[in-house]
Structure formats: C-alpha cells, structure tokens
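Structure, as structure tokens:
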Amino acid sequence: MDPASMIASAMPRLQRAAESLMTDTIRITRPGGIQVDPDTGVETTGGTLVYEGPGKVQTAGGVAAETNSASGDSSNLGGVVPEWGLYLHLPVSVTGTREQDSALVVESADPDLKGRRFRLVNLQSEKTHATARRWNVKEIKEN
C-alpha cells in the first residue's frame, strides 16, 4: 500500500481519536444585530447559532510570546507578561465557523472553564489531513 493510501485509510480512526478528547460542550455564535424582547422591551445583541457540540480548550505547552506590560502592574516585577497560546479544538466535520465568531464553554469537566467565552481569531489547522479544526482564540473577559 502506498503512503497516501495508508494515510487516507487511517484518517477516520485518527479523527475519532482526536474527537474522543473533546469532552467539553461548546456553543459558537456569530454576532448579529440588536434584538428586542417583545415582553420586556429589553434590547440584546443578537447572534446566530453556528455550532453546538463537542470541543476542547487547550493552551500551548509553553510561553508563546512575551509582551511588555504597559499597565504598571506591580505583580509583574520584571515588566514582562508571558502570553500562552490558547486554542479551541473542534471536530473536523465542523465547517462554517469564521473569525470573530464567539465560543462559549457550556459544559466542561474543568469547572473553571465552564462559562468562559472566546473569540475565534484564526484557523490554524488548514491542511488536507487534519484530525481536528484548531482555532487560535482570545478570551473575552467579562466585566
């Protein structure tokens, strides 16, 4: 069997293995216009549901970059704030997600992840033989 055929025949098994680790429930919405609740008159920012299902949140294995702190934060004695790469993994079958979509962790085995929101920045798994859709994300901090 040639290498291309071996890879093609292994891909479904590899995709299932990647998806077996996606134990969080992720809801992805696309920003929309303003919606008004007909009963209360309260305006909310609308959005369109793009995906809801399995996924996982993951950080890179080390410091991805360092940026100088402009805040004067005294807890950062060296003046450098480490930044970790943050990723959202989705099944390879999930299509149609786009940059600027918002992802909410609906359920997670890690209670600190539940309720956190992320903005999809860019897809970093654009390749022929992907086992997952891996998005670079930034956390949307709640006020």
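The table that follows gives values for the structure above.
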| read-out | value |
| --- | --- |
| Restricting the stretch 102-134 to residues that are within 10 Å of the chain's Cα centre (by Cα) and of a type outside the set (A, V, I, L, M, F, W, C), the residue that is farthest from Arg27 (Cα to Cα) | Asn122 |
| Condition met for Met1 (of a type outside the set (Val, Ile, Thr), over 13 Å from the mean Cα position of the chain (by Cα), surrounded by fewer than 13 Cβ atoms within 10 Å (Cβ to Cβ) and in a helix (DSSP H, G or I)) | no |
| Qualifying position, being open to solvent by 90 Å² or more (accessible area, probe 1.4 Å) and part of a strand (DSSP E or B), among Lys127, Lys138 | Lys138 |
| Residues of the stretch 111-132 satisfying the condition of being closer than 16 Å to Thr23 by Cα and either basic (Lys, Arg) or without any contact (Cβ under 8 Å) to a residue 12 or more places away in the chain (or both) | Pro111, Asp112, Lys114, Gly115, Arg116 |
| Matching entry among Leu104, Leu77, Leu86 (being assigned to a strand (DSSP E or B), at pLDDT below 95 and among the aliphatic types (A, V, I, L, M)) | Leu86 |
| Candidate set from the stretch 5-29 (those that are of a type in the set (A, V, I, L, M, F, W, C) and part of a helix (DSSP H, G or I)); member that is nearest to Leu104 (Cα to Cα) | Ala18 |
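For (1) under 23 Å from Arg134 (Cβ atoms); (2) open to solvent by 50 Å² or more (accessible area, probe 1.4 Å), each residue gets a yes or a no:
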{"residue": "Ile7", "(1), (2)": "yes, yes"}
{"residue": "Met11", "(1), (2)": "yes, no"}
{"residue": "Leu14", "(1), (2)": "yes, yes"}
{"residue": "Asp39", "(1), (2)": "no, yes"}
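The values are calculated or read from the model by the stated rules, or taken from the named source; none is laboratory data. Small disclaimer: the values here were computed from a predicted structure and weren't measured. Heads up, the Cβs are rebuilt from the backbone with ideal geometry, glycines too, and the neighbour counts pull from every protein chain shown. Heavy atoms of the whole protein, side chains included, go into the accessibility calculation; ligands, DNA and RNA do not. Shrake-Rupley method; radii C 1.70, N 1.55, O 1.52, S 1.80 Å.
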